[in-house]
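Novice: Here it is, the structure in full.
Throughout, read-outs are computed from the coordinates displayed, never taken from laboratory work. What you are looking at is a predicted structure, and each value in this text was computed from that prediction instead of being measured. Counting neighbours? That spans all protein chains shown, and the Cβs are built from the backbone with ideal geometry, glycine included.
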Amino acid sequence: MKKQKIYFKDIPDKFATWTFIEKALYIKKFYGMRSEVNCNDIISLEHRLDMKKLVEATIKVISKYPPEGWKHKNGNSLGYAGVSLTMNPFFKDDTDPNYQSLGDKNNPHARYSYNDMSFHKNLKNTFFDCTGFRKLTPCAEESDLKPFLTKFKRPLIRSRIAAVIANWHDDRKETGGWHQDEIIFENVRINIPIVTDESFIFEIKGQPQHHLPVGNAYTFESHLLTHRVFPTISNNKQRIHLVLGMSPWFDYDPEEDSLTTNEFYGEMHPLDMVVNGYVHPDIGKKRD
Ligand SMILES: [Fe+2]
């Protein structure tokens, strides 16, 4: 397939990078692509990650950069907090780059999903411009996570250390928190538990609840499967995960600030790329 290139400078202000790509490349024709893995449940991945090192490095980051609550119009939600691992060098305002990927202060509370963009006139360089997060943050650059983060074979996009803090979590335990992430062809995620407690639950709508223990790495079809995370009890426990988003079908050139379609574009489902080791060399085959 002929390679196609997008320069960030050519994207008009009203578009998020991906909404522009959808228009420019007619990429929606691939959205019906089937995966060879089971897309209906969370996928536990085989890996050769040094989990002890990852845990230590992550804890070191958050001890220096304490997680900040999710930003929205009325303040910050402390129940869901985090630290950004990637940033947009042209972010629309002067938000600390280490916290750019934690919601948007113009957004109504809990309207943060890919389908809540209609509240914003211009999407380029906002929180919703998921692919616009194309550079490591200062806190990631200086951290011991850097060797792991720079080993990804695909460009890291909006990514964070995510913290759910049970005491601060609001009354969403039974009914709230449900959401879908961006389309998987824009953003395929790997989720790695770092610190957790059995009282924290991950749930896909209509399916049994899971606790995700430290030691594992996960991926799933986080666009098609409505999902949520919540603490079952209110206590002082925290759930810290690495939530890493990658652009599966584009290579990023930092010199040109451009994206170019890669060999997987329109050819391989992003989840198949993850399980076959094309996203991170140390994260590979699906576990049963
Ligand atoms: Fe999600």
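Novice: For the stretch 1-85, what does the alpha-carbon gyration tensor say about shape, rounded, prolate or oblate, given a ≥ b ≥ c as the root eigenvalues, a/c under 1.5 as rounded, and a/b over b/c as prolate? Can you show the working numbers first?
Specialist: Working: a/c = 2.07, a/b = 1.34, b/c = 1.55.
Oblate, because a/c is 1.5 or more while a/b does not exceed b/c.
Novice: Okay, next question. In what sequence, highest mean first, do 235-241, 209-215 appear when ranked by Cβ atoms within 10 angstrom?
Specialist: On the way: 235-241: 18.7, 209-215: 13.9.
Packing order, densest peptide first, comes out as 235-241, 209-215.
Novice: Tabulate in residue order the Karplus-calculated ³J(HN,Hα) for the stretch 204-213, using 6.51 cos²θ - 1.76 cosθ + 1.60 with θ = phi - 60°, rounded to whole Hz; enter x for Gly and Pro.
Specialist: Taking θ as phi minus 60°, the curve returns 9, 3, x, 10, x, 7, 10, 9, 9, x Hz for the stretch 204-213.
Novice: Separate question: Give me the net charge of residue 196's neighbourhood, meaning all other residues with Cβ under 11 Å from the Cβ of residue 196; Lys, Arg count +1, Asp, Glu -1.
Specialist: Working: positive: 237, 239; negative: 197, 198.
Summing Lys/Arg as +1 and Asp/Glu as -1 gives 0.
Novice: Sticking with this one: Between the stretch 135-156 and the stretch 7-29, what is the separation of their alpha carbon centroids in Å?
Specialist: The distance from the Cα centre of the stretch 135-156 to that of the stretch 7-29 comes to 25 Å.
Novice: Take each of the peptides 137-144, 188-195, 8-15, average the number of other beta-carbon atoms within 10 Å over its residues, and list them starting from the highest. Spell out each step's value before the answer.
Specialist: Numbers: 137-144: 18.6, 188-195: 22.1, 8-15: 14.1.
Output ranking for 137-144, 188-195, 8-15: 188-195, 137-144, 8-15.
Novice: Before rounding to the nearest 500, sum -39500 (n - 2.57) across all DSSP H runs of length at least 4 in the chain and divide by the residue total; then give [θ] at 222 nm in deg cm²/dmol. Show your work: numbers first, answer last.
Specialist: On the way: 5 runs with 37 residues, N = 288.
Rounded to the nearest 500, the figure is -3500 deg cm²/dmol.
Novice: Just want the answer: with Cβ charges of +1 for Lys and Arg and -1 for Asp and Glu, which residue in 235, 250, 269 is farthest toward the dipole's positive end in the stretch 225-277?
Specialist: 235
Novice: Still on this model: Once you list every other residue whose beta carbon is under 15 Å from the beta carbon of residue 57, what net charge do they have if Lys and Arg are +1 and Asp and Glu are -1?
Specialist: Details: positive: 52, 53, 60, 64, 146, 151, 160; negative: 50, 56, 141, 142, 144, 282.
After counting each charged neighbour, the total is +1.
Novice: Looking at the stretch 120-157, which trypsin sites (Lys or Arg not before Pro) are in a loop (DSSP not H, G, I, E or B) and have at most 15 other Cβ atoms within 10 Å?
Specialist: 121, 151, 153
Novice: Sum up the charges of everything whose Cβ sits under 14 Å from the Cβ of residue 260, counting Lys and Arg as +1 and Asp and Glu as -1, but leave residue 260 out. Could you put the intermediate results ahead of the total?
Specialist: Numbers: positive: 2, 3, 5, 134, 154; negative: 10, 251, 253, 255, 256, 257, 263.
Summing Lys/Arg as +1 and Asp/Glu as -1 gives -2.
Novice: Cβ neighbours within 10 Å, averaged per peptide: list 216-223, 258-265, 32-39 in order, most packed at the top. All intermediate terms of the calculation are to be shown ahead of the outcome.
Specialist: Numbers: 216-223: 22.9, 258-265: 17.9, 32-39: 13.0.
Highest to lowest by the protection proxy: 216-223, 258-265, 32-39.
Novice: If you place +1 on the Cβ of every Lys and Arg and -1 on the Cβ of every Asp and Glu, how big does the dipole about the Cα centre of the stretch 5-286 come out, in debye to the nearest 20? Display every interim value, and only then the final one.
Specialist: Details: 36 positive and 37 negative charges, 55 e Å.
Computed charge dipole of the stretch 5-286: roughly 260 debye.
Novice: Here's something else I'd like to know. Could you give the C-alpha radius of gyration of the chain expressed as a fraction of 2.2 N^0.38 Å, taking N as the number of residues it contains?
Specialist: Details: Rg = 17.8 Å, N = 288, 2.2 N^0.38 = 18.9 Å.
The value comes to 0.94.
Novice: What's the extension gain from residue 153 to residue 4 if we count 0.36 nm per residue and subtract their Cα-Cα distance?
Specialist: Values: separation 149, 0.36 × 149 = 53.64 nm, distance 1.89 nm.
Here the answer is 51.7 nm.
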